[in-house]
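The values are calculated or read from the model by the stated rules, or taken from the named source; none is laboratory data. Computed from a prediction, not measured in an experiment: that's the story for all the values here. Because the Cβ atoms are built from the backbone with ideal geometry, glycine has one as well, and the counts that use them run over all protein chains shown. Ligands, DNA and RNA are stripped out before the accessible areas are found, and what is left, the full protein with its side chains, is counted by its heavy atoms. Shrake-Rupley method; radii C 1.70, N 1.55, O 1.52, S 1.80 Å.
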Amino acid sequence: PNDLTPDWQSDLKQLKSFLDHKENNKIIGIGECGMDFYYEGYNFNRQRDGFRAQIEMALKYNLPLSIHTRVAPQETLKILEEYVQDNLTGVIHCFSEDWDFAQQVIAWGFVLGIGGIVTYPKNHALRQIMQTITLNDFVLETDSPYLPIQTMRGQTNYPAHIHDIALYISTLKNCTIEQVASATESNVKKIFQI
């Protein structure tokens, strides 16, 4: 969201030209888009308008979203609510919001993107959410090169570390890593229609 330029509408026109041939271009989703109020100096109107425009593109081209929300839960939900009746789907990327947010987006048909931050010692709330939701309610992600698991903090993260996240979640959910892998693979295929 903070990378939208003053000329973001022209950037989206170029993206639309790729989307007109989404199969040939192997486009399976739109994003990462959303709202981010973490850094001072963000442009609320630009973020809001850009988010809505990308949601409308996702609906037009029947694609899921990868949604970024950081220190903007209510604003993100408010905008998403405008479109939920249109069967909007996707992933809440790098999920770090609270239980109420999780319940709402899951009820709307989204899944949570869970990565290395679930292993961080102070992240009790996210671990509680993971113990409560079902295997159908999330996908695995690494946010590479950022946010590795706790034992690798300060190092570069890689997609290959997805196994470590799956293993950690299997202990949280008292199931096998194979069950986590199978369910999350199925979730990805369903959401991204692959």
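Would you kindly derive the ³J(HN,Hα) couplings of region 47-61 from the backbone phi angles with the Karplus curve 6.51 cos²θ - 1.76 cosθ + 1.60 (θ = phi - 60°), listing them in order in whole Hz, with x for Gly and Pro?
The phi angles translate into 4, 4, 5, x, 5, 4, 4, 6, 4, 5, 5, 4, 5, 4, 9 Hz.
Can you list the residues, at least 5 places off or on another chain, whose amide H is less than 5 Å from the amide H of Phe110, using H built in the peptide plane?
Here the answer is none, since no amide H 5 or more places off falls under 5 Å of that of Phe110.
Per residue of the chain, what 222 nm ellipticity follows from adding -39500 (n - 2.57) for every DSSP H run with n ≥ 4, rounded to the nearest 500?
On the way: 7 runs with 82 residues, N = 194.
Result for the chain, helices only: -13000 deg cm²/dmol.
How much accessible area per residue does region 1-132 have, counting only protein heavy atoms and a probe of 1.4 Å, in square angstrom?
Values: 7030 Å² over 132 residues.
Accessible area per residue, region 1-132: 53 Å².
Between the DSSP loop rule and a limit of at most 13 other Cβ atoms within 10 Å, which chymotrypsin sites (Phe, Trp or Tyr not before Pro) in region 112-194 are left? Spell out each step's value before the answer.
On the way: sites: Phe138, Tyr146, Tyr168, Phe192; in loops: Tyr146, Phe192.
Filter output for region 112-194: Tyr146.
Rounded to a whole number, what % of the accessible area of the chain do carbon and sulfur atoms account for, probe 1.4 Å?
Values: 5220 of 10670 Å².
Carbon with sulfur: 49 percent of the solvent-accessible area.
Could you give me the ³J(HN,Hα) list for region 31-45, computed from phi with Karplus coefficients 6.51, -1.76, 1.60 and θ = phi - 60°, whole Hz, x at Gly and Pro?
These are the phi-based 3J(HN,Hα) values: x, 7, 9, x, 10, 8, 10, 5, 8, 4, x, 5, 9, 4, 4 Hz.
For the chain, what does the convex hull of the Cα positions come to per residue, in cubic angstrom?
Hull volume normalised by residue count: 125 Å³.
On a 27 Å Cα-Cα criterion, which of the cross-link pairs Lys122/Lys173; Lys122/Lys189; Lys16/Lys78; Lys22/Lys190; Lys122/Lys190 come out too long?
Numbers: Lys122/Lys173 18 Å; Lys122/Lys189 32 Å; Lys16/Lys78 25 Å; Lys22/Lys190 17 Å; Lys122/Lys190 32 Å.
Pairs exceeding 27 Å: Lys122/Lys189; Lys122/Lys190.
So how strong a dipole does region 1-73 carry about its Cα centre when Lys and Arg Cβ are +1 and Asp and Glu Cβ are -1, to the nearest 20 debye?
Values: 9 positive and 10 negative charges, 43 e Å.
It comes to approximately 200 debye.
Any aspartates and glutamates with Cα under 19 Å of the Lys60 Cα? List them, leaving off those in the same chain fewer than 8 positions away.
Candidates past the 8-residue exclusion: Asp11, Asp20, Glu23, Glu32, Asp49, Glu81, Glu82, Asp86.
What are the ³J(HN,Hα) couplings of region 121-132, residue after residue, when phi is run through the Karplus curve with 6.51, -1.76, 1.60 and θ = phi - 60°? Round to Hz, x for glycine and proline.
My calculation for region 121-132 gives x, 7, 9, 4, 4, 5, 5, 5, 4, 4, 6, 8 Hz in order.
Please state the charge dipole magnitude for region 1-143, taken about the Cα centre, from unit charges on C-beta atoms (+1 on K and R, -1 on D and E), reported in debye and rounded to the nearest 20. Mind dumping the intermediate values first?
On the way: 12 positive and 20 negative charges, 33 e Å.
Dipole of region 1-143, to the nearest 20 debye: 160 debye.
Would you kindly find the accessible area of Ile194, with a 1.4 Å probe and non-protein molecules such as ligands, DNA and RNA excluded, rounding to the nearest 10 Å²?
Accessible area of Ile194: about 110 Å².
Over region 136-194, what is the mean sequence separation of C-alpha contacts under 8 Å (at least six apart), divided by residue count, expressed as relative contact order in percent?
Working: 54 pairs, mean separation 19.8, N = 59.
That works out to 34 percent.
With an 8 Å cut-off on Cα pairs and a minimum separation of 6 or more residues, tell me the relative contact order of region 1-140 in percent. Walk me through the numbers on the way to the answer.
Values: 182 pairs, mean separation 27.1, N = 140.
After rounding, I find 19 percent.
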